[in-house]
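Single-structure report; data block below.
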Amino acid sequence: MTLRIAIDGPSGAGKSTLARRLASHLDLPYIDTGAMYRAVGLEATRRGCVSAQELTDMVSELDLAVVSDPSDFRVLLAGLDVTGELRSTDVSMRASEVAQVPAVRSWLVERQRAIASDGAVLEGRDIGSEVLPDAELKLFITADESVRIQRRAVQLGDGCEATLAREIRERDRRDSQRKASPLVVPEGAVVIDTGHDNEDGSFARILEALDQALKTR
């Protein structure tokens with residue numbers, strides 16, 4: 001059976017760590033769809049593309065590929081590895097902006113579905129609701145805002161939590177209020193709150209959810 005797992009949730013909830021671990025555990029490809037949006041945002045910044053039409057024209061000719069190894073996920077633009085450039089705050093905010101353009105989302109969703117056709121773990125913000133609404137398992141990874149802010153500060157090595165708080169709140173607002181595929185808890189998704197558990201505990205609950213999902217198939 002083809003196994004497609006959709007993992008959604010806001011920034012800092014721990015979904016990337018858990019998605020990578022699950023993909024490794026199941027020996028499945030792993031796709032960080034947010035990194036694909038960040039790559040589009042990075043290229044848009046490089047080219048100076050701002051309007052929806054400019055972004056639409058850009059993606060129509062964009063050479064974007066991914067290496068789906070959960071232990072070494074990478075994003076390539078025109079064959080060049082840009083993964084190391086994708087985690088800055090500026091690129092993340094630019095990704096949130098380009099994600100509001102329906103044509104950009106459609107272009108990326110088509111590619112994400114193709115990658116997942118033979119089975120994969122995909123994580124992002126619209127996987128269970130838009131990319132793979134018929135996934136064999138849908139998870140929504142979340143945590144309180146304060147927990148997510150602290151985690152992002154550790155991840156980025158940035159001690160200014162006030163700045164991170166503003167950025168996360170703005171990202172949450174954009175993702176949840178955008179017209180094109182907003183961040184929601186997908187129908188049928190299992191909600192995993194990581195705020196009061198360690199990684200092993202959260203992963204154990206994911207495996208329980210997977211076991212239950214497979215039993216009902």
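Where a number appears in this text, it was derived from the coordinates with a stated rule and is not lab data. No experiment lies behind these values; they were computed from the predicted model shown. Here the Cβ is made from the backbone with ideal geometry for all residues, glycine too, and neighbour counts use every protein chain on show.
Using a 10 angstrom cutoff on alpha carbons, build the Gaussian network for the chain and name the most mobile of L26, L42, L183.
Taking springs between Cα atoms under 10 Å, the residue moving most is L26.
Based only on other Cβ atoms within 10 Å, what is the fewest-to-most ordering of V131, V91, V104, V154?
Fewest-to-most ranking of V131, V91, V104, V154: V154, V91, V104, V131.
Which of H25, H196 has the fewest other C-beta atoms within 10 Å, and how do the rest follow up to the most?
Details: H25 14, H196 10.
Listed from fewest to most nearby Cβ atoms, that is H196, H25.
Taking the chain as a Gaussian network, where each spring joins two C-alpha atoms under 10 Å apart, which residue of A204, A120, A52 fluctuates the most?
Between A204, A120, A52, it is A204 that shows the largest mean-square fluctuation.
Can you give me the relative contact order of the range 1-150 as a percent, contacts being Cα pairs under 8 Å and 6 or more apart? Display every interim value, and only then the final one.
Details: 236 pairs, mean separation 70.8, N = 150.
It rounds to 47 percent for the range 1-150.
Would you list I127, I115, I206 from fewest to most Cβ contacts within 10 Å?
The most exposed by this proxy come first: I115, I206, I127.
Check the straight Cα-Cα distances from K215 and name the lysines below 26 Å, setting aside those fewer than 8 residues away within the same chain.
Straight-line reach from K215, under 26 Å: K15, K138.
Rg and Dmax in Å for the range 62-155, alpha carbons only: what are they?
Computed over the Cα atoms of the range 62-155, radius of gyration and Dmax are 14.6, 38 Å.
Within the chain, what percent of beta bridges assigned by DSSP are antiparallel, to the nearest 5?
Among the beta bridges of the chain, antiparallel pairing accounts for roughly 25 percent.
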